[in-house]
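In what follows, a structure is listed as structure tokens, so that the remarks can point back to it.
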Amino acid sequence: MVDKTLLELQLSEVEMLSSMFPDENEFKIDDPASVHEIREYIDGTVTFTPKQISFTLNITVELQNLNTVVTLLCGLPHGYPECVPKVFIRSQQLSREEQKHVNAELSDYLTGLDRGELCINQCIEWIQENIDKYITVKQSLQDKQINTHATKDKMFSRLWVHSHHIYHIVKRKNIVEWAQELELSGFSLPGKPGIICVEGESKSVSEFWTRIKHLNWKKITMKQRDDVAIETDDNLDKLRRFDKFEEKDFDVQSFGHGRDYHMNWGLVFTFLESHQCGDMFKTLLGIEGKMTKGQ
């Protein structure tokens, strides 16, 4: 008999990955029926042993200033996470020997982790932090991509992100530090829900989104992205609606115990209006914005 508690953990990890990688080109379950069978098995609707879940993750990493896709093939045995998941890395930029080497190292890393804990996210982080040690970027591809980027217009982007909540102090610190490191302007609103807006050079905005979506979220969604072609950095700064990036709070109210606090959304709407972004209130929250009485 298969342990239903382990299967429930597997489903929670699949749900987490689907929110981290909402694009179907990034995350794809090989056989969606396997998830349905496991849910039915947990509910007691069926008694036969369900199929194992397997999926493919396409992870974009930056190597020598170029974006390279690394594919992670994952299979979850019924005993996972009490046993090691089946994982395999491949990439067009990996030679046969490099591929053999990196998969052996990843296997050793996963074997050394504590059993009983979900570890696919740790696997992804290991790839992001270590893959450059194993891949040799082919010079012909590098030259081709450099020439391609050189012919394209520089882009300005503004990105709006909605999260189920933003509480954790480390996440909040990362959001501010990464935005400042990438020379982005905008703001973040911690609490429930959490809102993030970043704007600046397109490649920096993309890098910011790549970083934050790989953190552990209950749910995070890119609500809107606007891209504009520009010719100079002066034009880029003229398109900004915020002078810098900072964490904002507006008359925060606490409800009950712990971290359950909410913004004064009338003040948030006023803030957005003052930065010519009032229309985003409904896009982000699904309701029309109203100013707080007395304003």
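What follows is calculated from the coordinates using simple rules that are stated; it is not laboratory data. Here the structure is a predicted model, which is why all the values come from computation and not from measurement. We place every Cβ from the backbone using ideal geometry, glycine too, and count neighbours over all the protein chains shown.
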Between 0 and 90 degrees, rounded to the nearest ten: what's the tilt of helix 120-130 against the longest Cα principal axis of the chain? 80
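For region 20-58, state which chymotrypsin sites (Phe, Trp or Tyr not before Pro) are in a DSSP loop and have at most 15 other beta carbons lying within 10 Å of their beta carbon. Before the final figure, lay out the partial values.
Values: sites: Phe27, Tyr41, Phe48, Phe55; in loops: Phe48.
When the chymotrypsin sites (Phe, Trp or Tyr not before Pro) of region 20-58 are filtered for loop state and at most 15 Cβ neighbours within 10 Å, Phe48 remain.
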Identified option (computed mean projected area of the Cα convex hull in nm²; candidates (i) 16.8; (ii) 19.1; (iii) 15.0): (ii)
Nearest-ten-degree value, helix 169-181 long axis tilted from longest Cα axis of the chain: 70
Connecting C-alpha atoms closer than 10 Å in a GNM of the chain, tell me which of Leu184, Leu66, Leu17 has the biggest fluctuation. Leu66
Taking every DSSP beta bridge with both residues inside the chain, roughly what % is antiparallel (nearest 5)? 95
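Once you sort the root eigenvalues of the Cα gyration tensor of region 50-89 as a ≥ b ≥ c, which label holds: rounded (a/c under 1.5), prolate (a/b larger than b/c) or oblate (the other case)?
Details: a/c = 5.09, a/b = 2.86, b/c = 1.78.
In terms of gyration-tensor shape, prolate.
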If each of Lys282 and Leu73 carries a label point 7 Å out from its Cα toward its Cβ, how far apart are those two points in nm? 4.8
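Count charges around Phe55 for me, please; just the other residues with Cβ under 14 Å from its Cβ, Lys/Arg as +1, Asp/Glu as -1. Before the final figure, lay out each step's value.
Working: positive: Lys28, Lys51, Lys86; negative: Glu13, Glu15, Asp23, Glu24, Glu26, Asp30, Asp31.
Cβ neighbours under 14 Å give a net charge of -4.
Excluding Gly75 itself, what net charge comes from residues whose Cβ is under 12 Å from its Cβ, given Lys and Arg +1 and Asp and Glu -1?
On the way: positive: Lys51, Lys86; negative: Asp30, Asp31.
Once all neighbours under 12 Å are counted, the net charge is 0.
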